[in-house]
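Pasting a structure below so you can have a look.
The values are calculated or read from the model by the stated rules, or taken from the named source; none is laboratory data. Computed from a predicted model, the values in this text were never measured in an experiment. Cβ: placed from backbone, ideal geometry, glycine included. Neighbour counts: every protein chain shown.
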Amino acid sequence: MQNEASDVLNRFRHGDVDAFEELFRQHQRAVYGWLLRITRNAAAAEELMVESFWRIHRAHARFDPARSFEGWARRIATRAALDWLRAKRTLSELSLEVCAEVAARVEADPAVTAEIRRKTAQAFGRLPAKLRIAATLAVIEEQPHKEVAAALGISVAAVKVRVFRALRLLRTDLERQGITP
Amino acid sequence: MKTHDEERMKKLLRQTLPPVKGDAGPGRDLWPEVLRRLDTSTGASVSPGWAWLNGAWFDGALLAGLVGLGAIFPAAIPVFLYYL
């Protein structure tokens with residue numbers, strides 16, 4: 001069984017498309033789920049799946065079969081998502097989506113008004129992409145810092161710093177709007 | 001920012017943007033699109049003679065620029081690391 005998996009990874013490394021398809025089928029759910037967590041948008045996650053697996057195939061010769069394929073794929077997908085957040089994501093796009101999502105939530109804390117949530121979402125959308133992605137994964141999605149660090153290609157300490165900076169910038173932005181969180 | 005402020009901000013963020021259930025797979029089979037993308041990129045790839053222009057030289061120039069900047073303005077290194 002292990003030999004079979006290792007054989008698929010080796011064949012992928014040498015550019016075998018059948019092995020690549022096998023790996024795609026095996027890991028698509030995990031990579032898609034990860035992208036969905038980052039983008040919070042099914043269409044974007046699908047678009048990024050295609051982009052990520054294209055990048056994965058392009059980098060096949062650099063893959064080390066001794067390492068986990070899923071971890072490597074997740075890292076490439078995170079990089080693709082980061083590029084997408086930087087290039088395509090506009091503030092208005094995020095705000096509209098987030099507002100619709102917030103409005104749909106029924107179990108929200110009544111002490112936090114819809115207006116505060118709307119402004120928080122908008123302020124979050126204004127954060128630099130690399131801080132937003134770290135805060136999304138570590139705080140909102142509550143993914144282990146170690147996994148976030150591996151996906152972003154940084155240390156656990158750097159993840160903590162990015163999350164801290166994201167929260168601090170968010171608070172400063174809200175305070176500027178007269179909201180004391 | 002103090003620890004309790006940090007926790008309050010985290011709570012506010014989770015209330016604003018609830019976690020996504022990331023355990024569902026894509027709604028359709030994306031493999032045909034991946035294959036199409038591979039075919040397109042193979043057809044449109046740069047010729048081997050110009051392949052070195054495809055990013056590697058720029059990475060090198062950027063690195064050389066940063067090293068040069070660090071050598072001329074050492075005080076800028078912590079600032080750069082902060083924004084990295």
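Among the residues of the stretch A:13-39, which ones are more than 30 Å from A:Gly125 (Cα to Cα), more than 9 Å from every other protein chain (Cβ to nearest Cβ) and not charged (D, E, K, R)?
The first filter runs over the stretch A:13-39 and keeps only residues more than 30 Å from A:Gly125 (Cα to Cα), leaving A:13-26.
Then keep just the ones that are more than 9 Å from every other protein chain (Cβ to nearest Cβ); that gives A:13-16, A:18-19, A:22-23, A:26.
Residues satisfying the conditions are A:His14, A:Gly15, A:Ala19, A:Leu23, A:Gln26.
Additional query: What residue, among those in the stretch A:131-158 that are small (Gly, Ala, Ser) and farther than 12 Å from A:Thr78 by Cα, is surrounded by the most Cβ atoms within 10 Å (Cβ to Cβ)? Working first, answer last.
Within the stretch A:131-158, the subset small (Gly, Ala, Ser) is A:134-135, A:138, A:149-151, A:153, A:155, A:157-158.
Filter again for farther than 12 Å from A:Thr78 by Cα, leaving A:135, A:138, A:155, A:157-158.
Values: A:Ala135: 27, A:Ala138: 23, A:Ser155: 13, A:Ala157: 10, A:Ala158: 16.
Looking at residues that are small (Gly, Ala, Ser) and farther than 12 Å from A:Thr78 by Cα, I get A:Ala135.
With respect to A:Glu51, is the statement that it is touching a residue at least 24 places away in the same chain (Cβ under 8 Å) and surrounded by 13 or more Cβ atoms within 10 Å (Cβ to Cβ) true? Please lay out each step first, then the result.
On the way: touching a residue at least 24 places away in the same chain (Cβ under 8 Å): yes; surrounded by 13 or more Cβ atoms within 10 Å (Cβ to Cβ): yes.
So A:Glu51 passes the test.
Pairs under 7 Å by beta carbon, first residue farther than 12 Å from B:Lys2 by Cα in the stretch A:164-176, partner in a helix (DSSP H, G or I) and aromatic (Phe, Trp, Tyr), six or more apart or different chains?
From residues that are farther than 12 Å from B:Lys2 by Cα, the pairs are A:Leu170/A:Phe124.
A:Ala42 - would you say it is out of contact with any strand residue (DSSP E or B) (no Cβ under 6 Å at 6 or more places or on another chain), within 9 Å of another protein chain (Cβ to nearest Cβ), among the aliphatic types (A, V, I, L, M) and surrounded by fewer than 20 Cβ atoms within 10 Å (Cβ to Cβ)? Before the answer, list the steps.
Numbers: out of contact with any strand residue (DSSP E or B) (no Cβ under 6 Å at 6 or more places or on another chain): yes; within 9 Å of another protein chain (Cβ to nearest Cβ): yes; among the aliphatic types (A, V, I, L, M): yes; surrounded by fewer than 20 Cβ atoms within 10 Å (Cβ to Cβ): yes.
When the stated conditions are applied, A:Ala42 passes them.
Oh, and also: Can you tell which of A:Glu93, A:Glu115, A:Glu107 is over 20 Å from B:Lys21 (Cα atoms) and modelled with pLDDT under 70?
Numbers: A:Glu115 fails: modelled with pLDDT under 70; A:Glu107 fails: over 20 Å from B:Lys21 (Cα atoms).
Unique residue meeting the criteria: A:Glu93.
Kindly establish whether A:Arg67 is among the basic types (Lys, Arg) and outside any helix (DSSP H, G or I). Break it down into steps so the answer makes sense when it comes.
Working: among the basic types (Lys, Arg): yes; outside any helix (DSSP H, G or I): yes.
Answer is yes for this residue.
Follow-up. Residues that are within 14 Å of chain A (Cβ to nearest Cβ), modelled with pLDDT of 90 or more and within 22 Å of the chain's Cα centre (by Cα): which helices (runs of 4 or more DSSP H) entirely in chain B hold 2 or more of them? Spell out the reasoning first.
Numbers: elements: B:3-16, B:31-43, B:56-72, B:76-83.
Hits in chain B: B:31-43.
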